[in-house]
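To start, the structure itself, in structure tokens.
The values are calculated or read from the model by the stated rules, or taken from the named source; none is laboratory data. What you see is a predicted model, and the numbers here were worked out from it, not measured in a lab. Quick reminder, even Gly has a Cβ in these numbers, built from the backbone with ideal geometry, and neighbours come from all protein chains shown.
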Amino acid sequence: MEQKKSYEIDMCNGPILSKMLLFTIPLMCSSMLQLLFNAADIVVVGRYAGDNSLAAVGSNTSLIGLLTNLFLGLSIGANVLVARYYGAKREEELKQTVHTAILLSIYSGIILTVLGCFGAKQILIWMQTPKEVLHLAALYLRIYFLGMTATMVYNFGSAILRAVGDTKRPLYYLFGAGVVNVILNLLFVIGFHLDVAGVAMATVISQCISAGLVLRCLVKEKGAIRLEIRQLHIHKDKFLGILKIGLPAGVQGIIFSLSNVVIQSSINSFGAVTVAGNSAAANIESFVYFAMNAFHQATISFTGQNMGAGNYKRINKIVITGEICVTVVGLVLGNLVVFFGHPLLSIYSSSSKVIAAGMVRLKVVSVTYALCGMMDVMVGALRGIGYSIMPMKYPAHLDAPKKKYILLFLYHLLYLNQAKICFLHIFLLFLHISAVLSGQNDVWRKKRES
């Protein structure tokens with residue numbers, strides 16, 4: 001394999017912490033930029049189009065997540081497979097995986113575009129979207145999904161780059177596209193008075209720019225991850241490999257999104273003010289989540305490369321390093337957004353009722369959010385070593401007495417006050433730790449048998 005370029009990171013040798021930070025900081029910045037640009041959508045709409053328009057854009061967040069998470073899960077499968085072949089220096093299989101992943105992203109985007117454009121209004125009705133925002137929400141969703149192919153191409157392409165340690169160039173591309181997004185937001189909403197349609201159009205255009213830049217990067221790349229358009233083909237074994245890891249990740253994402261849709265449906269029943277406050281708080285909360293999620297992504301790539309290279313002992317150090325980092329980030333940022341909650345929410349809306357509604361969510365979710373990040377790092381380790389189903393099914397391996405205890409525990413927990421939600425997080429965290437240990441023991445057993 002050619003000498004590693006400055007954008008790539010050797011995850012199989014040398015100090016883990018410095019390389020993980022080198023990997024995660026650009027990725028964290030990418031996520032923050034993406035959220036800032038999404039926040040710009042909400043701020044521009046809230047300030048210049050009104051609370052109904054703000055509610056219309058915000059009420060689509062959980063639905064968009066529901067419809068896209070299955071396919072975004074497949075990009076995780078592509079990331080793991082590329083990292084594994086890259087670590088093992090199996091260039092031909094790496095090349096086939098790259099071309100399979102990009103073509104799969106195009107097909108995924110087309111499916112989502114059709115689903116989003118034709119099913120938007122009916123799904124929003126099922127979600128009990130308030131009548132005063134239904135038309136605006138449906139219009140935003142239809143236009144947004146016109147750019148879904150570009151979104152999928154960017155996510156799969158950046159997943160390929162992450163697998164070889166390159167998180168810098170996706171940051172550059174996202175920054176360029178985001179600046180265009182903000183400018184077009186101001187132009188379409190303030191200048192042309194296009195309301196939510198203008199915000200959606202700006203988003204689609206920026207998505208196309210970021211996708212085009214990632215494709216250009218892969219086409220001009222040297223070595224096995226280079227993309228050659230004429231060689232785009234679904235290789236059956238690579239497709240199945242992506243499905244094996246990515247499909248369970250996508251299904252898990254859908255399950256979480258379904259719960260968010262149910263929650264959003266309940267919130268919608270409280271009216272536009274509560275929807276607007278929840279949307280603003282969720283956007284702020286997302287900054288904390290994606291900062292922690294950078295270490296989840298790092299754990300996937302680091303673990304995947306070391307699995308491919310056969311460096312099994314290094315995986316334990318990767319997991320421990322990831323856990324320490326994500327805990328610090330989650331505790332600091334989670335509590336900061338609560339402390340500065342009022343001024344942050346006032347950026348989105350000047351309504352005191354909207355701000356009060358947003359503070360309710362921030363106080364419940366953000367204080368113990370670090371535990372969620374710790375669980376995600378565990379899940380990243382499992383997926384990196386190829387056990388993507390285990391994060392979903394691990395409790396099923398418990399014997400009957402343990403299951404009975406768990407059910408009783410959860411039953412009583414539901415009747416405790418909201419402050420004790422952290423106990424549920426801790427409980428689930430220990431399940432994931434047990435799953436990681438089980439998965440690593442299985443890897444060592446297979447290694448000895450081979």
If we scan region 217-230, do we find a residue that is part of a helix (DSSP H, G or I), over 20 Å from residue 150 (Cα atoms) and of a type in the set (Gly, Ala, Ser)? no
Pairs needed: first member in region 300-328, farther than 21 Å from residue 78 by Cβ; second member anywhere, at pLDDT below 90 and of a type in the set (D, E, K, R); C-beta distance under 9 Å; at least 6 residues apart or different chains. 310/447; 312/447; 326/376
Which residue, of 13, 38, 52, is out of contact with any Phe, Trp or Tyr (no Cβ under 9 Å at 6 or more places or on another chain) and not in a helix (DSSP H, G or I)? 13
Please state which of the following conditions residue 184 fails to meet, knowing it meets all the rest: (1) without any contact (Cβ under 8 Å) to a residue 40 or more places away in the chain; (2) surrounded by 17 or more Cβ atoms within 10 Å (Cβ to Cβ); (3) under 29 Å from residue 385 (Cα atoms); (4) not β-branched (Val, Ile, Thr). (3)
Condition set crowded, with 21+ Cβ neighbours inside 10 Å and modelled with pLDDT under 95, scope region 218-237, selection nearest to residue 159 (Cα to Cα): answer is 225
If a residue has to be over 25 Å from the mean Cα position of the chain (by Cα), farther than 10 Å from residue 273 by Cα and not polar (S, T, N, Q) to count, how many in region 340-355 make the cut? 2
(1) farther than 27 Å from residue 216 by Cα; (2) in contact (Cβ under 8 Å) with a residue 40 or more places away in the chain; (3) surrounded by fewer than 23 Cβ atoms within 10 Å (Cβ to Cβ): which one isn't true of residue 122, the others all being true? (2)
Answer residue from region 28-82, given it is under 16 Å from residue 350 (Cα atoms) and of a type in the set (Ser, Thr, Tyr) and is surrounded by the fewest Cβ atoms within 10 Å (Cβ to Cβ) among those: 48
Scan region 209-223 for residues that are closer than 16 Å to residue 166 by Cβ and within 26 Å of the chain's Cα centre (by Cα) and jot them down. 210, 213, 214, 215, 216, 217, 218, 219, 221
Whether any residue in region 367-374 is at pLDDT 90 or above and not hydroxyl-bearing (Ser, Thr, Tyr) is what I want to check. no
In region 141-182, the residues that are in contact with a helix residue (DSSP H, G or I) (Cβ under 7 Å, 6 or more places away or on another chain) and not in a helix (DSSP H, G or I): 146, 147, 164, 165, 167
